[in-house]
Amino acid sequence: MALCSFSASISLRKHHHPLISTLPTLPRKKNFLRTCRSSSEPNEDYFLDAPVSVGDGFSFSGGKYSDEPSPADEWFKQGKIVKAHPVGGTGEKAKDPIFGLAMAGSSQASTDLFRWFCVESGSSANPPVVLIHGFPSQAYSYRKVLPILSKNNHAIAFDWLGFGFSDKPQPKYGFDYTLKEYVESLESVISEFSKDKVTLVVQGYFAPVVVKYAKDHQEKLNDLILLNPPLTAKHANLPSTLSIFSNFLLGEIFSQDPLRASDKALTSCGPYKIKEDVAMVYRRPYLSSGSAGFALNAISRSMKKELKGFVEEMRRTLTDENWKVQTTVCWGQRDRWLSFEGVEDFCKQSNLQLITLPMAGHHVQEDCSEEVGNLIAGIVSKRRRI
């Protein structure tokens, strides 16, 4: 159980429902800065600053998991495939960007709509909460948040195109992994998930993409919750762990290495080392085919090129007087990629609620899943009581 201390500063802001003009004007909620301290019980999936666990972890055809179900297979069984967003391009079969050889089936997009992997929890009659993973990660990062939210909500976590079990088309064969395309595809997949208003939760470097979508669809949102988003101008530069995937030739090579593309990318941004069972799920896409690596290479290049502009637009959106969506920033203070410097000032300037988790790193939903799940549930339930 998290122990939270918080201080409050009050600011008022008018809220208007975009469709019903007769609703009364509500004062903006108090702006809270809360600090959540994790319990003394160790997280069962993590070792704090521990050495890498023993196990081969390189192959699904032998070694540790040869005689038992793969953790990735067990996760996949919990989900389903949803088709959304039209496939672009000429319809030609994808070829790898290095040698021009035809790629395997996992690299090919479907002929009409992209296939998205998602996991749902809770009754569809309850308010929908969509959980959006960061770069690079998977919906799997929310596996312990889903059951917490499912008690009173319809929780949905999905893999972005290019990640996890969703389609991984090669660039120029249906999807080029530009941030603009991610905004457009997000609109399609959210419309497929729910026709009603939703709460969006997004982590890390995909936050500017989600805010860009939210800016033009405020009527679709109840709440927006940002987990360690790039909020300051300094945050617009990718850390070397990720930017290396955008380098010419070297990026293509490193993105095919599961330990660099998965393990290092997930553990270099915070104080934790992942257990082998968990790491195996994150490695799975990179072990299955080259498509995940080539997608990682493409999105890294797009991020390096476009992130600055998207961060600047996100900052303008969140400080604009026309921004009406209740927004909360949840920040893991042991983030090694994004500095906390300037975050508190920006949240005060924007009248955003800021919640800090001192023991969490960049991937707060992994590091403090119980606390994050309860925080999200509390925000959503508080709105229902208003």
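Read-outs: derived from the displayed coordinates by stated rules, not from any lab. It should be emphasised that the depicted structure is a prediction, and the values quoted were computed from it without experimental measurement. No Cβ is skipped: glycine too gets one built from the backbone with ideal geometry, and neighbour counts run over all protein chains shown.
Computed quantities for the displayed model
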read-out	value
FRET efficiency for GLU187 and LYS80, using Cβ-Cβ distance with R0 set to 22 Å, rounded to 0.05	0.60
Relative contact order [Cα under 8 Å, 6+ residues apart], region 158-233, whole percent	27
Within region 306-350, GluC sites (Glu not before Pro) in DSSP loop having at most 11 other beta-carbon neighbours inside 10 Å	GLU321, GLU341
In region 172-265, the chymotrypsin sites (Phe, Trp or Tyr not before Pro) that fall in loop regions by DSSP, at most 11 other Cβ within 10 Å	PHE248
Amide hydrogen neighbours beyond the local backbone of LYS273, cut-off 5 Å, H modeled	PHE47, ASP49, ALA50
Region 163-245: Rg to Rh, with Rh as the Kirkwood radius over Cα pairs	0.98
Filter on LYS305/LYS348; LYS172/LYS212; LYS172/LYS324; LYS83/LYS212; LYS212/LYS382 - keep pairs with C-alpha separation over 27 Å	LYS305/LYS348; LYS172/LYS324
For LYS83, residues with placed amide H under 5 Å, excluding near neighbours	TRP116
Amide proton proximity set for ASN222, modelled H, under 5 Å, gap of 5+	VAL198, THR199, LEU200
Taking ARG284, ARG143 and counting other C-beta atoms within 10 Å, the order from fewest to most	ARG143, ARG284
Table column - 3J(HN,Hα) (Hz), region 155-161, Karplus curve with 6.51, -1.76, 1.60, x for Gly and Pro	8, 9, 10, 10, 8, 4, 4
Phi-based couplings in Hz for region 120-125 (Karplus 6.51, -1.76, 1.60; Gly and Pro marked x)	10, 8, x, 6, 5, 7
